[in-house]
Amino acid sequence: MKVTEHIKEAKGKTLFSFELIPPQKGRSIQELYDNIDPLMEFKPPFIDVTTSREEYIYIDRDGLLDKKLTRMRPGSVGICASITHKYDVDTIPHVLCGGFTKEETEYLLVDCHYLGIENVMALRGDAMKEEKYFKPTNGGHCYASDLVEQIVNMNNGQFLHEVVETDNKSDFCIGVAGYPEKHMEAPSMDADIRRLKQKVDAGADYVVTQMFFDNKRYFNFVENARKAGVTVPIIPGIKPLAVKRHLQLLPQVFKLDMPDALVKEVEKCKTNTDARQVGVEFAIEQSKELMAAGVPVLHYYSMGKSSNIQAIAKEVF
């Protein structure tokens, strides 16, 4: 079932969903199941599975370092199929511009269509670790709006190289990202909203926001998006702070602000266990306020761990 259909069937009730990171290659998928199991009691209608772009690794060959391009976390589509089979829940693979050609994207989407996956998350993706700015892959898309357009074309039976298929078209529900505190590369908040509108105009069906810790940022973002003509559901993304280091790491990586009240409480913590509990309690209050405002879904970034998400969900759902 499509994300938009799940939201419609909920009839105003806030749904619970979360996002997973594939295990590194060579690691067992059982680790993933162990983190999913405790969250299934909250009946998520769908689960997101991230996709990682390529990265360079260095292999020591008799004292000489060999630089090799690889993907350390492959298998997003296979994981989606496995989760759907095991838990009977809809899954959403992330589809990236970065690291993929248009042809590779089409192959991935065809696989999703064959597997009965009805939802995809269309993202530009980040720059490679060695790059300061995002550079499009040779033969790939520059912007998420271009990726959305390719998916919509497939939904209309239009494949690359002028191949047209009218009898077995895909019908993907397309999600895109939104940034309550603006994308780090956007020159202004207004410019970022215009980018979001372009993605929706290209055919996106819903929006999931980057993590934020100040609900006012989300509410203002939604208000400004609506004024700009964005009418699709806007789902808030929540990441509970888990370790003391997140005070520096999350603002640095994601270019976001943290409420001073949260910062002061975490600074008092002597251990990461204490900080994790503060993060859980803050996310509970954050979630309750968002739910009271009638958000369609509360979407949690689990980062491969579920104990804090479970603790939050027990108090909210």
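No value in this document is a laboratory result; all are computed from the given coordinates. Source: prediction; values computed, not measured. As a convention, Cβ positions derive from the backbone with ideal geometry for all residues, glycine included, and neighbour counts pool all protein chains shown.
The amide H of C173, built 1.01 Å from its N in the peptide plane, has N119, V120 as neighbours under 5 Å, considering only residues 5 or more places off or on other chains.
Going by neighbour counts of Cβ atoms within 10 Å, the residues S17, S82, S188, S306 line up, fewest first, as S188, S82, S306, S17.
Cβ-to-Cβ counts within 10 Å put E285, E130, E19 in ascending order as E130, E285, E19, the fewest first. From its DSSP helices (H runs of at least four residues, each -39,500 (n - 2.57)), the chain gives a residue-normalised ellipticity at 222 nm of -12500 deg cm²/dmol. Residue-wise HN-Hα couplings along the stretch 282-293, as the Karplus relation 6.51 cos²θ - 1.76 cosθ + 1.60 with θ = phi - 60° gives them from phi, are 5, 5, 4, 5, 4, 5, 4, 5, 5, 5, 4, 7 Hz; Gly and Pro carry x.
A cut-off of 5 Å between modelled amide H atoms, ignoring neighbours fewer than 5 places along the same chain, links V95 with M121, A122, L123.
Taking amide H atoms as placed 1.01 Å from N in the peptide plane, the amide H of I238 lies under 5 Å from those of H299, Y300, Y301, each 5 or more residues away in sequence or on another chain. 3J(HN,Hα) along the stretch 177-193: 8, x, 10, x, 10, 6, 5, 4, 9, 6, x, 7, 5, 4, 5, 5, 5 Hz, from the Karplus curve 6.51 cos²θ - 1.76 cosθ + 1.60 with θ = phi - 60°, whole Hz, x for Gly and Pro.
Post the alpha-carbon centroid distance, the stretch 238-253 to the stretch 281-306, in whole angstrom. Each part's Cα centre sits 16 Å from the other's.
Here the residues C112, C269, ranked from fewest to most Cβ neighbours within 10 Å of their Cβ, fall in the order C269, C112. Among D192, D171, D274, which one moves the most in a GNM of the chain with springs linking Cα atoms closer than 10 Å? It is D274.
Pairs of alpha-carbon atoms within less than 8 angstrom and 6+ residues apart define the contacts here; what relative contact order does the chain have, in percent?
19
For the chain, give me the percentage of DSSP beta bridges that are antiparallel, rounded to the nearest 5 percent. Rounded to the nearest five, the antiparallel share is 25 percent.
The phi-based Karplus calculation (6.51 cos²θ - 1.76 cosθ + 1.60; θ = phi - 60°) puts the 3J(HN,Hα) values of the stretch 102-111 at 4, 5, 5, 4, 4, 4, 4, 5, 4, 4 Hz, whole numbers, x for Gly and Pro.
When both bridge partners sit in the stretch 158-314, DSSP labels roughly 10% of those beta bridges antiparallel. Shape class of the stretch 140-188 from the Cα gyration tensor (axes a ≥ b ≥ c, square roots of the eigenvalues): oblate, since a/c reaches 1.5 or more and a/b does not exceed b/c. From largest to smallest, the equivalent ellipsoid semi-axes obtained for the chain from the alpha-carbon gyration tensor read 29, 25, 21 Å.
If you run the Gaussian network model on the chain, springs between alpha carbon atoms under 10 Å, then out of P45, P251, P233 the most flexible one is P251.
Across G140, G12, G75, mean-square fluctuation computed from a Gaussian network of the chain (C-alpha pairs under 10 Å connected) peaks at G12.
Applying both filters, DSSP loop and at most 16 other Cβ atoms within 10 Å, to the GluC sites (Glu not before Pro) of the stretch 138-181 gives E165.
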